[in-house]
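Trainee: The structure under discussion is supplied below as structure tokens; questions concerning it will follow.
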Amino acid sequence: MEIQPIDLKKPTVFILGAGASTDFGFPTGLELKERIIASDIPSQEFHKLAKEYGFTPSHIKEFRDALSWTEHSTIDMFLNELTNFRDIGAFSTAYSLLKIESREVDNIFKARNWYRRIFNCLIERDNTGIVVFVTLNYERSLEHYLYGRITSNKGGKAKETALQRLGKIKIIHPHGSLGQFPKVRFGDFNKKVLFLAAKNLYIPTNDLADTQQYKEAQDAIINSTNIVFIGFGYHEDILVRLIPDINQLSTPHVICGTALNLDNSIRESLVRRGYLLDSDNIIAETFINDHIPLK
């Protein structure tokens, strides 16, 4: 069964994984792990800030050694097993992603990307109010892009209208975020922002199912007609958290998404459960352009 054009006039939830923001300079789970090991922890700045946060040099070294030797492909999977490193893991993740945000603050607007299509569909054509984004990423590139496009390219009544439409778009971070946007601006990197972000990241070792963010995400998904996965790895534990009972979903409903480099066994399992997945060589931008009509 082929993926049909997705009607944004019907309740729609986009669920974003790490692959949704790789076009904007953000790493995959494996790349983040390798960056923390090779680039971040060895830096003098990291050690200085980590010491001020309360970590000892010996604990930092133990964490880096353990992360270097683990066979887990992501830091989240690693921390799910070695919960004693949860705090230093959250701090390292926040440090790494905030540094990337500060580097990519302007580049996000230069690249060809799927955010452009979403902006045109939701802000220019006003399909807001029934579209929700559930992003499992800590970074705020989507918020930054939508807000930046409005404030940089519109004025007067057009700007006011666009900001009102933006205010109707709900963006949920079930795993926490680097800061509440726009109160904490995208690209801000300082000790205060870092320390607060490190406390606000929900690593999988946390009990997430009962958090307000997860409940909001689950409610949005249950009441949606279209569920669209972008750059998602389809990890079973996260799927179960987001969709505890597929029979609770609105009917009729459509579950579709990208499947770039997805393992064939996972793909087959999802297809048997009714997921409509694109080809394994289709990137997020192509998927959005192919399946979200401009109307």
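Trainee: Being of a type in the set (Lys, Arg) and assigned by TED's automatic domain parsing to the domain that holds Asp40 is true for just one of Lys99, Lys168. Which residue is that? Show your work before the answer.
Mentor: Details: Lys168 fails: assigned by TED's automatic domain parsing to the domain that holds Asp40.
Of the residues listed, the single one that is of a type in the set (Lys, Arg) and assigned by TED's automatic domain parsing to the domain that holds Asp40 is Lys99.
Trainee: If Ile238 satisfies all but one of (1) modelled with pLDDT of 90 or more; (2) closer than 27 Å to Asn264 by Cα, what's the number of the condition it fails?
Mentor: With (1) modelled with pLDDT of 90 or more; (2) closer than 27 Å to Asn264 by Cα applied to Ile238, the lone miss is (1).
Trainee: Can I ask one more? In the list Ala162, Ala111, which residue meets the criterion of being part of a helix (DSSP H, G or I) and out of contact with any Cys (no Cβ under 8 Å at 6 or more places or on another chain)?
Mentor: On the way: Ala111 fails: part of a helix (DSSP H, G or I).
Exactly one of Ala162, Ala111 is part of a helix (DSSP H, G or I) and out of contact with any Cys (no Cβ under 8 Å at 6 or more places or on another chain), namely Ala162.
Trainee: Please verify whether segment 19-42 includes one or more residues that are surrounded by 12 or more Cβ atoms within 10 Å (Cβ to Cβ), modelled with pLDDT of 95 or more and part of a loop (DSSP other than H, G, I, E, B).
Mentor: No, that holds for no residue.
Per-residue answers, yes or no, for (1) in a strand (DSSP E or B); (2) modelled with pLDDT of 95 or more; (3) assigned by TED's automatic domain parsing to the domain that holds Glu124; (4) within 19 Å of His235 (Cα to Cα):
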site	(1), (2), (3), (4)
Pro252	no, no, yes, no
Ile255	yes, no, yes, yes
Leu262	no, no, yes, yes
Arg267	no, no, yes, yes
Leu270	no, no, yes, yes
Gly274	no, no, yes, yes
Thr286	no, no, yes, no
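Trainee: Still on this structure: Out of Ile292, Ile266, Ile288, Ile282, report the one residue that is more than 14 Å from Gln4 (Cβ to Cβ), surrounded by 12 or more Cβ atoms within 10 Å (Cβ to Cβ) and touching a residue at least 60 places away in the same chain (Cβ under 8 Å). Steps first, please.
Mentor: Details: Ile292 fails: more than 14 Å from Gln4 (Cβ to Cβ); Ile266 fails: touching a residue at least 60 places away in the same chain (Cβ under 8 Å); Ile282 fails: touching a residue at least 60 places away in the same chain (Cβ under 8 Å).
When all the criteria are applied, what remains is Ile288.
Trainee: Would you confirm, using the coordinates I've provided, whether Ile222 is within 16 Å of the chain's Cα centre (by Cα) and under 22 Å from Asp7 (Cβ atoms)?
Mentor: Values: within 16 Å of the chain's Cα centre (by Cα): no; under 22 Å from Asp7 (Cβ atoms): yes.
For Ile222, the condition - within 16 Å of the chain's Cα centre (by Cα) and under 22 Å from Asp7 (Cβ atoms) - is not met.
Trainee: Quick check on segment 2-18: of everything there that is buried (at least 18 other Cβ atoms within 10 Å of the Cβ) and part of a loop (DSSP other than H, G, I, E, B), which residue is modelled with the highest pLDDT? Full working, then the answer.
Mentor: Looking only at segment 2-18, we keep the residues that are buried (at least 18 other Cβ atoms within 10 Å of the Cβ), and these are 6, 8, 11-18.
Narrowing the set further to residues that are part of a loop (DSSP other than H, G, I, E, B) leaves 6, 8, 11, 17.
Numbers: Ile6: 91, Leu8: 88, Pro11: 91, Gly17: 94.
Of everything passing the filter in segment 2-18, Gly17 is modelled with the highest pLDDT.
Trainee: Which numbered condition in (1) of a type in the set (A, V, I, L, M); (2) without any contact (Cβ under 8 Å) to a residue 12 or more places away in the chain; (3) buried (at least 17 other Cβ atoms within 10 Å of the Cβ) is the only one that Leu242 fails?
Mentor: It fails just one condition, (2).
Trainee: I would also like to ask the following. Just one of the numbered conditions (1) under 27 Å from Lys10 (Cβ atoms); (2) surrounded by 14 or more Cβ atoms within 10 Å (Cβ to Cβ) is not true of Gln212; which one?
Mentor: Evaluating Gln212 over (1) under 27 Å from Lys10 (Cβ atoms); (2) surrounded by 14 or more Cβ atoms within 10 Å (Cβ to Cβ) leaves (2) as the failure.
The values are calculated or read from the model by the stated rules, or taken from the named source; none is laboratory data. All values derive from a computational prediction rather than experimental measurement. Cβ coordinates were reconstructed from backbone atoms using ideal geometry, including for glycine residues, and neighbour counts include every protein chain displayed.
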